[in-house]
Every structure is written in C-alpha cells, then in structure tokens.
1. Give me the pairs: first residue in segment 43-69 and assigned by TED's automatic domain parsing to the domain that holds TYR91, second residue of a type in the set (Lys, Arg) and away from the ligand (no atom under 16 Å from the Cβ), beta-carbon distance under 8 Å, and six or more apart or on different chains, which are they?
2. For segment 47-64, which residues satisfy the criterion of being within 16 Å of the ligand (Cβ to nearest atom) and hydrophobic (A, V, I, L, M, F, W, C)?
3. Does GLN77 satisfy being without any contact (Cβ under 8 Å) to a residue 40 or more places away in the chain, surrounded by fewer than 13 Cβ atoms within 10 Å (Cβ to Cβ) and either within 13 Å of the ligand (Cβ to nearest atom) or farther than 21 Å from LEU97 by Cβ (or both)?
4. Filter segment 80-99 for residues that are without any contact (Cβ under 8 Å) to a residue 40 or more places away in the chain and either within 14 Å of the ligand (Cβ to nearest atom) or more than 18 Å from GLU136 (Cα to Cα) (or both) and give the result.
5. Determine if segment 100-115 includes at least one residue that is within 20 Å of LEU35 (Cα to Cα) and without any contact (Cβ under 8 Å) to a residue 24 or more places away in the chain.
6. Are any of the residues in segment 294-308 of a type outside the set (A, V, I, L, M, F, W, C), buried (at least 18 other Cβ atoms within 10 Å of the Cβ) and modelled with pLDDT under 85?
7. Pick out, from segment 197-310, the strands (runs of 3 or more DSSP E) lying fully within it that include 1 or more residues that are in contact (Cβ under 8 Å) with a residue 24 or more places away in the chain and among the polar types (S, T, N, Q).
Amino acid sequence: MGFSGAFDTQAWARMPFHFWTVTFFVLGTVVGSFLNVCIHRVPLGQSIVSPPSHCPHCQYSIPWFLNLPLATWLYLQGKCANCRAPIAIRYFLVELLTGVLFLGCWLRFGHESAAVAAIMCVVVAGLVVATFIDLEHYIIPDGLNYGGMVAGVLAAFFVPRLFGETNLARSLQQSLLGLGVGAGIIYTVLRLGKLAFGQEKIALEPGTRIIFGDTGLILPDREIPYEEVFYRESDTIVVAADRAELFDRGFCGPVTIRLSPNRLRIDDEEFDPEQVPWLEVSAAQLSLPREAMGLGDVKFMAAIGAFLGWPGVVFSLLASSCIGSVFGVILLARQRQGRSSTVVPYGPYIAAAALLWIFESPAITRFAHAWMGW
Ligand SMILES: [Zn+2]
C-alpha cells in the first residue's frame, strides 16, 4: 500500500479488524503522550508544540528514542535519563489509559463506522485532558470547552451516523440540542446550588484584623488557606471592612474587598493579587464561596452534549452526581481519620459518567426503558 493508498477505503476494509484494534491502542498511547504535555502546559499558558519535551527538573531535552509511550517510562523506571529525577506515574497512566480507551472506542464503534470510532477517540482524549487538568488546577480550560462544542457540531455535520442518523439536518439538530440541554441543566443546577450553599457568611467582632497572606487569610484566631476556598476562577472571598491598608495607601470608610484567584477588587478599583505584597483590613463580616460546580462545568457539559446528544447529557448529570456522592462519602471518612483533606473538583465525575455512556449507552437505555416502563 503506497502513500496514496492510505486514502483508499477499499484497502482499509481489507485489513483484518484486529489489525485496527492494535493500531488504535498504539495510536492511543502516542496521543496519551501528547495529552501529558497538554495537561502540564495548557494551565500554565505555555505552548504545546515548542519547546520539545524536556525534563522539567534539569531541562534535558528528551530525544525521540527516549520519548516512546509506555516503554520509556518502564525502561527508565520512572526516572529522568539524565538527572534521575522521578517522573510522575501520571505520565505512564495517562498513556495507558488513553491507549485502552482508544482500543475500546474501536471495539465499540469500529464495526458500525470507522469515522464514529475516530470521533469518539477525540472525545475520550478531551475527557482525559479535562480530568487531569481539573484534578490538579480546579479549572477546565475554555479552549478545550469551546473547541469541544465546535468540534461536536462539526462532527455531527460531517458524520450524521454519530447520532445514528442518515440525515444531516437531524444529526445537527441532535448535536445542538445536546449542547443546549447540557449548558442549560448544569447552569440551573449551579444557580440552585448557589441558592442552597451560596456564600458562607461569617460574622466577626467589629474591627477584626484580617491579613491577606501569601497562602491564606490570617484572622486573629485562625488561618483560612486559599486552597480550601478557591476551587474555581470565579470563587470570591468578600470582606466588608471599615478600613483597608494596601501596601502603599489606605482606604477609609466602608470598603468592600473581593478576592478571586486572579483578581483583587477594592470597591471599584481592580488589582492583580500577585502585585499586591501587603493588604490588611479591619472587618466585621467575611463571606466565603461554597459551591460544588463552577461555570467551567457548564461549558464542559455543553461540549459533551454536542457529541453525545441530550440523553447522554441527562445520564452524565445523574451518574456524575451518584459517582460524586460515593467519592464524597469515602473522602469524608478519610478526612475524619485525618488522612487527607483533598477536595475533588466536579469535572472528573462528569468525565467518568460520559465515558460510561459512550461505552454502555445501549445497556443503560435498555435498563432505563425497563425500569421506567417506556
Ligand atoms: Zn532530568
């Protein structure tokens, strides 16, 4: 098969089915290796193409023969070839997971349509990146969410079989409906959640001194670490103060201070928190954010809906809350024993539920029909 033969679908079809099973797995590990780069660099705002892979510890540039998925990590026993600094097992796991998921997509969809199998590979790759970035940074990048929405609608346009349709208009309709329902449901849940949890208001003795430290709020009797408060970019600490002292100036009279991970507002003036070495206030009330989901989850679910349609979205919401509750109970039990105080963002639960739907939607649909008597 020459190079031009690569586009000959007859030649593709002549290959045995399990030749493609192996190919999808290998391709998955290679893509997983690239996803590792994305997971590391995208939240830091770095380019994902240059510079080429290097050890973050000693800057050693990794040659291609030491950049093979799975094999390299095993061969080097999880250590940099140059400085022997440990390489996180995440790199190996992401490669393996992506390989297995790609293989699964081929086995699940390959018999019906190679194009649908390929599209689902793109979806699972997106789910993997979103999960690992959210676990580490508590955000799902907008580029991934908006890119997913556009890609989902385009996929419906070019491959109507994604929704089991032969009619292009119908599949586009399904994709857009999934996108809208996804955004709508989660946005509603988020709003209701804000009503239920909202901000936690803490009344203080009038004139209580609060220092905005490097790692947390310092109150006279305790410290509140930022990492226990900020899970999302939109999370805001609000302090009603009667006096505030910024490093080089003072604010008198009633002032409202709002601090988010990337933004500090004192009344109507905005500052970059990184550029503010000192802030001390005298306050009577403090209000901390409390919410299970953020706006990132709304966009994430919309992107998933564009690929999976509204039934997939509804299932993902229900299943993610079940998975989340189970993990929540486990984490709470561990926390009681003082073993961890890890806060898990909501995105990974949505991703896990969406994966369940991708691979088991026929069984889930049968179960739902039998149970609800449709
Ligand atoms: Zn190194």
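The values are calculated or read from the model by the stated rules, or taken from the named source; none is laboratory data. Remember, predicted model here, so these are calculated numbers, not experimental data. Heads up, the Cβs are rebuilt from the backbone with ideal geometry, glycines too, and the neighbour counts pull from every protein chain shown.
1. From segment 43-69, the pairs are SER47/ARG41; ILE48/ARG41.
2. Correct list: CYS55, CYS58, ILE62.
3. Against the criterion (without any contact (Cβ under 8 Å) to a residue 40 or more places away in the chain, surrounded by fewer than 13 Cβ atoms within 10 Å (Cβ to Cβ) and either within 13 Å of the ligand (Cβ to nearest atom) or farther than 21 Å from LEU97 by Cβ (or both)), GLN77 does not qualify.
4. Listed by number, the residues that qualify are CYS80, ALA81, ASN82, CYS83, ARG84, ALA85, PRO86, ILE87, ALA88.
5. no
6. Scanning segment 294-308, I find at least one residue that is of a type outside the set (A, V, I, L, M, F, W, C), buried (at least 18 other Cβ atoms within 10 Å of the Cβ) and modelled with pLDDT under 85, so the answer is yes.
7. Ranges flagged: 199-212, 249-260, 279-289.
Residue-wise test of (1) surrounded by fewer than 21 Cβ atoms within 10 Å (Cβ to Cβ); (2) farther than 24 Å from SER234 by Cβ; (3) in contact (Cβ under 8 Å) with a residue 40 or more places away in the chain; (4) touching a strand residue (DSSP E or B) at 6+ places or on another chain (Cβ under 8 Å).
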residue	(1), (2), (3), (4)
TYR146	yes, no, yes, no
VAL153	yes, yes, yes, no
ALA156	no, yes, yes, no
VAL159	yes, yes, yes, no
LEU162	no, yes, yes, no
GLN173	yes, yes, no, no
